[in-house]
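The next block holds one structure in the form of structure tokens; read it before the comments.
The values are calculated or read from the model by the stated rules, or taken from the named source; none is laboratory data. The structure displayed is predicted, hence computed values, not measured ones. As a convention, Cβ positions derive from the backbone with ideal geometry for all residues, glycine included, and neighbour counts pool all protein chains shown. Accessible surface is based on the protein model in full, side chains and every heavy atom, while ligands, DNA and RNA are left aside. Shrake-Rupley method; radii C 1.70, N 1.55, O 1.52, S 1.80 Å.
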Amino acid sequence: QEIPGVEVAPQQGTYTMVLNKLTDYRERKKVILFLGSNIGNLTPEEAVAFLQKISSAMNPGDMFFMGVDQKKDPQVILDAYNDKAGVTEAFNKNLLVRMNRELEADFDLDAFVHWPLY
């Protein structure tokens, strides 16, 4: 609404599901955003195949933005995941809160220990 003429069609799903849908968009320009920290969860071979699949779904003029990060001292990461304010713990346990609220689950959040690993 704020930018007339720009049509946004966000895609949600697993990486494979979304990549398969991207090939359907051949008639218009695509802007693909991948928050790249998840690429570290893939093996090198899987990462290459993933990026090749993105490339094959793109047309000339399409754009691809990928966020990446550098390796950090493991203690820096652990300190961030185990912040004194408990923000990361609350973020992680929010899935249980939502399941309790939206799916009528009965998880006792105090029974779960926040145990960050890197």
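Things worth noting here:
- Extending 7 Å from the Cα toward the beta-carbon at both L117 and A49 defines two label points whose distance is 2.4 nm.
- Using a cutoff of 8 angstrom between alpha carbon atoms and counting only pairs six or more residues apart, the relative contact order for the chain works out to 23 percent.
- Neighbourhood net charge (12 Å Cβ-Cβ; Lys/Arg +1, Asp/Glu -1) for S37: +1
- On the chain, 57 percent of the accessible area sits on carbon and sulfur atoms, based on a 1.4 Å probe.
- Amide H contacts of F64 (H built 1.01 Å from N, under 5 Å, at least 5 apart or other chain): I32
- Calculated on the Cα set of region 11-91, radius of gyration then Dmax: 16.4, 50 Å.
- From helices alone, the chain scores -12000 deg cm²/dmol at 222 nm; the rule is -39500 (n - 2.57) for each run of n ≥ 4 DSSP H residues, then divide by the residue total.
- Length added when fully stretched, M58-T14, from 0.36 nm per residue minus Cα-Cα: 14.0 nm
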